Amino acid sequence: MKKVSSLSELGFADDIHRTLFRPIQQAAPPSPTQRRTKISVIGAGNVGMAIAQTILTQDLTDELALVDAKPDKLQGEMLDLQHAAAFLPRTRILASPDYAVTANSDICIITAGARQIPGETRLNLLQRNLALFKEIVPPLARYSPGTLLLVVSNPVDVLTYIAWKLSGFPPNRVIGTGTNLDSSRFRFLLADHLEVNAQDVQAYMVGEHGDSSVALWSSMSVGGVPILSQLTNDKAVVEQGVLEKIRKAVVESAYEVIRLKGYTSWAIGYSAANLARSLLRDQHRIHPVSLLAKGFYGIPDDREVFLSLPAQLGRSGVLSVANIHLTDEEAARLRRSANTLWELQQKLDL
Amino acid sequence: MKKASSLSELGLANDVHHALFRPIQEAAPPSPTKRHTKISVVGAGNVGMAIAQTILTQHLADELALVDAKPDMLRGEMLDLQHAAAFLPHTRILASPDYSVTARSDICIITAGARQLPGETRLSLLQRNLALFKQIVPPVAKYSPGALLLVVSNPVDVLTYIAWKLSGFPPNRVIGSGTNLDSSRFKFLLAEHLVVNAQDVQAYMVGEHGDSSVALWSSISVGGVPILSQLTKDKAAMEQGVLERIRKAVVESAYEVIRLKGYTSWAIGYSVASLARSLLRDQHRIHPVSLLAKGFYGIPEDQEVFLSLPAQLGRSGVLSVANIQLSEEEAARLRRSADTLWELQRQLEI
């Protein structure tokens, strides 16, 4: 993209660098295979930019590429990030509507997606997003055949399945942000109530990122200590279905933010950057993310559904799925989530 | 503010914390004077939220308070930040349209301000912002009588003067973000052209944050080495007023971002967070910021204008102003900047 404010265009000579600096004698030319980490973000809207900015602030990558269909908005966002150069470690920032700018990425993060029109069916929204992903995923896969794909767009579970199909990648390299953020909201609510640090709360939401998500109450712990029995000591909690009310509040909290400020951005930004770090830096950390769930927790081997399970993430993507003990009810809910998603996927023309 | 999704309201008992944790024997109660850093941001728009989010990511404060006149949007922004609890060090986040939420802040950052209407004179815009600051500054000063005030709203120099007058604070505690970001944009352009890291470029823009800003060409250095003579070796470049075109490009680049994406946010977010860090952590770093400039560089003692000069910042605000050698032209431009601002200020009814 044309750099409107380049100093060469304004009249500065191009060779000043050579008069200011000289290499040492007999230095070898730069190695052509020098390793630089690169993350691409598709979609420069509120979510994409919050993710890009968080990745930049946390110094996660050497190179950051942005893609969007709106070239002016994209150029503006790129400049706004570049202007912070004096305050940040040096990261090369590129932007283009052309997917060539994403070439050789370590991670491609897809945030682009159609929003639900009032009264639109879920299937219809999915068909529209399927059409969009058919434009996005094949070029991404072509320009970065070894990349990890991280899908954020909603409905994330089915869109991650779609991205997997369209990319031709092995399933360990295609991940959806899934319930990573729901789990953070869950932990925030619990931590606030129990007066502890959220990072000391172990509490997973799994399954569908949406209305049929599953809260794993039986494996919740604080500082390593299981606490469900403490919470349900109070008979009123059990009788009034308090736990289910809390699960619904977590699902509802995304809609609440959208209702209040029009969209969500900051939390999903941190959530995606957190996943990017675990992947890129081979952290082997466990995150609840949307992945190919067939064969786990009683989900049939022929059900190619993506939904969130706690998984170990590293440089090659999903390393493994954690083997957590589920109650009968939790397992049943998970299988119901899988059925719902499977039915929906069957209706798509991929 | 009422916590709508608090788990107490959903039915969980209030005393679960006591069942999970017990203090050690004979522990003293928490000290009432425990030191707790707090930053307040007034205005939860694009600029205020980019600042808040960067401060949060960089873990600059223990407590962050947000104020805005629009309670729904404010609450949505607060929730969106809180939902990232699992990914961030614990920071207490508060939000209210009531200024009492800012009490006992170490730094209060003011981003609220009216935008220029098409065809509106600068004086008229200033009068409207003066009216707004009359609502903002006195309560902020009342609730945090020892705070540092950091003004970001534009036109920043005159608004910082206004904030100083309305607060009754000593001038070292009232600072405007001024040309801190212009200098970053200046460094970015130079660094790109010279193929160096922007943090190795020493280059100040001072004076008015706006059309009459002053680029201190004579004191630009790279890696500690003055480079103006290298830049101006090309006589043709000098004759064509290249340096002035570059200064204008820096001033213009803010408008370019606004034209492309509608507003600026990320760069000013990093810029202000950088100032907040130098202040709160007593870094004694030099930043070009808008301050009471009377008596410096030939600006008359009776001209109480705020404009940007390179200043050492620390926990008590402006510690000192750097004594940089200016060329005669640079000094003359600075005094013209001061005159312009002084004339404008005299027309205001504070």
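Is it fair to say B:Asp282 is free of Cβ contacts under 8 Å to residues at least 12 places away in the same chain and either among the acidic types (Asp, Glu) or touching a helix residue (DSSP H, G or I) at 6+ places or on another chain (Cβ under 6 Å) (or both)? It is false that B:Asp282 is free of Cβ contacts under 8 Å to residues at least 12 places away in the same chain and either among the acidic types (Asp, Glu) or touching a helix residue (DSSP H, G or I) at 6+ places or on another chain (Cβ under 6 Å) (or both).
Return yes or no: is B:Glu256 within 7 Å of chain A (Cβ to nearest Cβ) and of a type in the set (D, E, K, R)? Yes, satisfied.
Scanning the range A:177-212 for residues that are on the phi > 0 side of the Ramachandran plot and over 20 Å from the mean Cα position of the chain (by Cα) turns up just one, A:Glu195.
Taken residue by residue, the range A:209-219 has no member that is out of contact with any Lys or Arg (no Cβ under 8 Å at 6 or more places or on another chain) and among the β-branched types (Val, Ile, Thr).
Here, each number is a calculation from the coordinates, and none is a lab measurement. Bear in mind that the values here come from a model prediction, so they are computed numbers and not experimental data. Counting neighbours? That spans all protein chains shown, and the Cβs are built from the backbone with ideal geometry, glycine included.
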